[in-house]
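Novice: Attaching a single structure in structure tokens format; questions to follow.
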Amino acid sequence: MTFFTELHSSFRQGSMLRKLLYLNIGVFIVVRLGMIILKLCALDSIEWISYLELPANLHTLALRPWTLASYMFLHIDFLHILFNMLCLFGFGQLFLHCFSQKQLLGIYIFGGIGGALVYVVAFNIFPFFIPIKDISVLLGASASIMAIIVAVATYSPNFEVPLLLIGRVKLKYVAIFAVGISMLGIASDNAGGELAHLGGALTGFWFARRIHMGKDVTKQFNQLINKIITLFERKPKSFKVTKPSRSKNDMEYRQERRKNEDELNRILDKVKRSGYGSLTTEEKKSLFDRSNPS
């Protein structure tokens, strides 16, 4: 079994958390290789990446609507993806202790979209961002990860997690700290990323509160994903199974024979009275079949 075959098998059989990790890392590798090839060919790699990044400019976004999804899997810097994947792995495992595999995918996508909406709306409303709106782009899984963190912290706020150099800390304090840092950074150089974090946090909070009320907001999305996956799955060939015919007993055989004889006599009588031409197509066929038994 080759490396790529093993990798494909690991992806298909792995958990949703593993799939998300593989997908992010796979996109990172492809993008980095693409940038290297373009640079070697003396082409602009930044222009190519812009088709995957989420723009703040509404006109550009209208021309590239797929960036609402592509940006949340896109990383360029190694430290960026390393930190995000460590957070996704750690908090993703905590999420799966409280929720399902499908809900993890749903909150990842919803969190990314929530972060994108807050980012785009803020950059087009607040005067502070207007001068840089046309050149601002967003990328990374941070909004989705923030949604996962806040969702778990809202659902199980007193659950304790071990943190390096600090010790065990309740999840609610981790979420409060993360949200607080993002709020303080709204006017920083990474304003777009911090706004997206807040959008993801709001999405995670909304998801967990609805779960407490008995409503899963990701249910319809997951049903849609299942239908799409089903369309591309190979359906097994169906084989028609025919049941062997049951042998007739003596009574059934005599009844069928008498019925056939009665039908034959009726047709012959009709031929005597009106001639062969008066028979219907079915009667002619029946007469032929009975006159030439196999």
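The values are calculated or read from the model by the stated rules, or taken from the named source; none is laboratory data. What you see is a predicted model, and the numbers here were worked out from it, not measured in a lab. All Cβ positions, even for glycine, are placed from backbone atoms using ideal geometry, and neighbour counts span all protein chains on display.
Novice: Out of Leu61, Leu82, which single residue is modelled with pLDDT of 95 or more, among the aliphatic types (A, V, I, L, M), in a helix (DSSP H, G or I) and in contact with a strand residue (DSSP E or B) (Cβ under 7 Å, 6 or more places away or on another chain)? Don't jump to the end; show me each part of the working.
Specialist: Details: Leu82 fails: in contact with a strand residue (DSSP E or B) (Cβ under 7 Å, 6 or more places away or on another chain).
Going through Leu61, Leu82 in turn, just one is modelled with pLDDT of 95 or more, among the aliphatic types (A, V, I, L, M), in a helix (DSSP H, G or I) and in contact with a strand residue (DSSP E or B) (Cβ under 7 Å, 6 or more places away or on another chain): Leu61.
Novice: Give the residue that is farthest from Ile125 (Cα to Cα), with candidates limited to residues of the stretch 156-185 that are touching a residue at least 24 places away in the same chain (Cβ under 8 Å) and out of contact with any strand residue (DSSP E or B) (no Cβ under 9 Å at 6 or more places or on another chain). Step through it out loud before you land on a result.
Specialist: Of the residues in the stretch 156-185, the ones touching a residue at least 24 places away in the same chain (Cβ under 8 Å) are 156, 159, 161, 171, 174-175, 178-179, 182.
Filter once more, keeping what is out of contact with any strand residue (DSSP E or B) (no Cβ under 9 Å at 6 or more places or on another chain): 156, 175, 178-179, 182.
On the way: Ser156: 35, Ala175: 27, Ala178: 24, Val179: 22, Ser182: 19 Å.
Among those residues, the one meeting the criterion is Ser156.
Novice: Here is a follow-up. For residues that are small (Gly, Ala, Ser), assigned to a loop (DSSP other than H, G, I, E, B) and under 30 Å from the mean Cα position of the chain (by Cα), tally how many sit in the stretch 153-199.
Specialist: 1
Novice: When Thr67 is evaluated against the numbered criteria (1) more than 11 Å from Leu139 (Cα to Cα); (2) buried (at least 17 other Cβ atoms within 10 Å of the Cβ), which criterion, by number, is the only one it fails?
Specialist: Tallying (1) more than 11 Å from Leu139 (Cα to Cα); (2) buried (at least 17 other Cβ atoms within 10 Å of the Cβ), Thr67 fails exactly one: (1).
Novice: Kindly indicate the residue of the stretch 129-187 that is within 17 Å of Leu54 (Cβ to Cβ) and charged (D, E, K, R) and also surrounded by the most Cβ atoms within 10 Å (Cβ to Cβ) among those meeting that condition.
Specialist: My answer is Lys133.
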